[in-house]
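S.K.: Structure incoming, see below.
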Amino acid sequence: MRQSVSVKRQCLAAVSFLFLVFCVQAASAEAQRGQVTNLPLPRYVSMKAAEGNVRRGPSLTHRIDWVFKRRDMPLQITAEYGNWRKVQDRDGAGGWVHYALLSGVRTVLVEQDMLPVYASPDQNAPINAHFELGVVARLGKCSLDWCRISAGGYRGWTRKSNLWGVDATELRD
């Protein structure tokens, strides 16, 4: 009799533990979506405006820490609050920006100087152009390792690992 009570307690403890794990995973999955837009967090966007104030908090009453001054610059949204998005740039600098200053158009930063851009996603393909370090390029299709980008009238494929503004596992059609 005593042994069966112990087994029942162990079973109850195991079921309780599994339920707790399930609840934590469900809460974690919800935390990865924006409370306002229900879009994934973090996610990438770009600057729509030529200038955008970056504030300490999500309102006009919060102090401006600095100003982003590069149209089309890729940014990563990490949080949402009303009409405000918490963003950060490639260097991790950021703050709160009004959503009207942002665009869903995807861009990337070139992270290698004289980055070769190939005619097809193959390092043996002809090179269409070389992009300088820091160039902002428009993001097109992405496979597991390659992305199609365009800037300055040139376009082609490059390794995803040479770009900031696209996740390593992200696929785009």
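The values are calculated or read from the model by the stated rules, or taken from the named source; none is laboratory data. Remember, it's a predicted structure, so these values are computed and weren't measured experimentally. Neighbour counts are summed over all protein chains in view; Cβ atoms, including those assigned to glycine, are modelled from backbone coordinates with ideal geometry.
S.K.: Out of the strands (runs of 3 or more DSSP E) lying entirely within the range 69-116, which hold 2 or more residues that are farther than 17 Å from LEU139 by Cβ and at pLDDT 95 or above?
M.R.: Strands (runs of 3 or more DSSP E) meeting the threshold: 74-81, 84-88, 94-98.
S.K.: Considering each of GLY92, GLY152 in turn, give the residue that is assigned by TED's automatic domain parsing to the domain that holds GLU51 and closer than 18 Å to SER46 by Cβ.
M.R.: On the way: GLY152 fails: assigned by TED's automatic domain parsing to the domain that holds GLU51.
Only one candidate passes the filter, namely GLY92.
S.K.: Is it the case that ARG155 is among the basic types (Lys, Arg) and farther than 30 Å from GLN32 by Cβ?
M.R.: So ARG155 passes the test.
S.K.: To continue, here is another question. Considering every residue within the range 155-171, establish whether at least one is surrounded by 15 or more Cβ atoms within 10 Å (Cβ to Cβ), in a helix (DSSP H, G or I) and modelled with pLDDT of 95 or more.
M.R.: yes
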